Amino acid sequence: MASFNHTGVNHIVFYLLGIPGREDLHIWISIPLLISYVFALLGNGLLIYIILTKSSLHEPMYLFLCMLAGVDIVFATTTEPKALAIFWFNNREISLNSCIAQLYFQHSFFISESGILLIMAFDRYIAICYPLRYTMILTHSLIGKIGVAVFLRAHCTIFPMIFLLKRLTFCRNNILPHTFCEHIGLAKYACDDIRINIWYGFFVLMSTVILDIVLIFVSYTLILHAIYRIPSRDACHKALNICGSHVCVIVLFYGPGIFLVLTQRFGRHIPLHVHILLANVSMLVPPMLNPIIYGVKIKQI
């Protein structure tokens, strides 16, 4: 009621500005974004097709890679079609429910991809440290259960955000200077206290992505320790090569996100349109390059 006393309105429709101050360049900016998005769809779609149709690739590593490719397709699709609609057709309007749905799937599939990268690190650990028991440990049944657990964790942690946002009264403004919706970016336009949103967002980050990064680091510490105990130099080189593609994908996934957070926190002198461009790039670079990396590094693919 306090929110209504201030303004008397509660916005249920918002307008995404795209890239403020660069409206004249929207068409030109959309070209590399479209190319990247198409490459992401085709590359990951082809990767899924190859893995599912080749029985020789029905091994744990490739099945996890198939999950990663599927998540990449959805992750890129959560934001880019709307961004392209803004750039091409000036279609800026988005309802509150659509905005919440977009950020829900964006965040949940980001956490899903983080979880899959963690499982792939565990897969590499088993393959190098327990090669003779590899297929016995990672059975198809266990892989399926792991996949379900990864997606359940992501959706269960993000689901409360729907209610945390729906409880708010949006009366400050309904103009979002961005190409897509995100949790705190939307919540800050509410007239209510959003501290619970901020703290819950921090809890989700720490309990999923940060925890995954720590566990991936621990996994690779154990992997490197095992590799350098291998007496054969050829076997050591082969083990490092097996991990190389996964490490590249990890850097591509977490690197742009970390860089974006740092620029938002410490780069206050950086123009807003640069932050928005970086956000769009960080959403597209991993899905676009992951199939290329695995296609080049893994001979079977």
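The values are calculated or read from the model by the stated rules, or taken from the named source; none is laboratory data. Remember, it's a predicted structure, so these values are computed and weren't measured experimentally. Reconstructed Cβ throughout: ideal geometry from the backbone, glycine too, with neighbour counts over all protein chains shown. In case anyone asks, the SASA skips ligands and DNA or RNA and just uses the protein heavy atoms, side chains included. Shrake-Rupley method; radii C 1.70, N 1.55, O 1.52, S 1.80 Å.
Summary table
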| item | result |
| --- | --- |
| In region 118-143, the residues that are in contact (Cβ under 8 Å) with a residue 24 or more places away in the chain, open to solvent by 20 Å² or more (accessible area, probe 1.4 Å) and within 23 Å of C248 (Cβ to Cβ) | L118, I119, F122, Y125, A127, I128, C129, Y134 |
| Test result for I146, touching a residue at least 12 places away in the same chain (Cβ under 8 Å) and either open to solvent by 50 Å² or more (accessible area, probe 1.4 Å) or in a helix (DSSP H, G or I) (or both) | yes |
| The lone exception for D212 - which of (1) modelled with pLDDT of 80 or more; (2) open to solvent by 20 Å² or more (accessible area, probe 1.4 Å) it fails | (2) |
| Among the candidates C181, C171, residue that is more than 27 Å from L284 (Cβ to Cβ), in contact (Cβ under 8 Å) with a residue 40 or more places away in the chain and not in a helix (DSSP H, G or I) | C171 |
| Test for F259: is it aromatic (F, W, Y), surrounded by 12 or more Cβ atoms within 10 Å (Cβ to Cβ), over 21 Å from F105 (Cβ atoms) and within 18 Å of the chain's Cα centre (by Cα) | yes |
| Hey, L289 touching an Asp or Glu at 6+ places or on another chain (Cβ under 8 Å) and either surrounded by 13 or more Cβ atoms within 10 Å (Cβ to Cβ) or of a type in the set (F, W, Y) (or both) or not | no |
| Among residues of region 78-99, those that are open to solvent by 10 Å² or more (accessible area, probe 1.4 Å), out of contact with any Phe, Trp or Tyr (no Cβ under 8 Å at 6 or more places or on another chain) and of a type in the set (V, I, T), counted | 0 |
| Residue within region 184-191 that is more than 21 Å from L47 (Cβ to Cβ), surrounded by fewer than 17 Cβ atoms within 10 Å (Cβ to Cβ) and small (G, A, S) present | yes |
| Selected residue [more than 22 Å from the chain's Cα centre (by Cα) and not in a helix (DSSP H, G or I)] from C191, C236 | C191 |
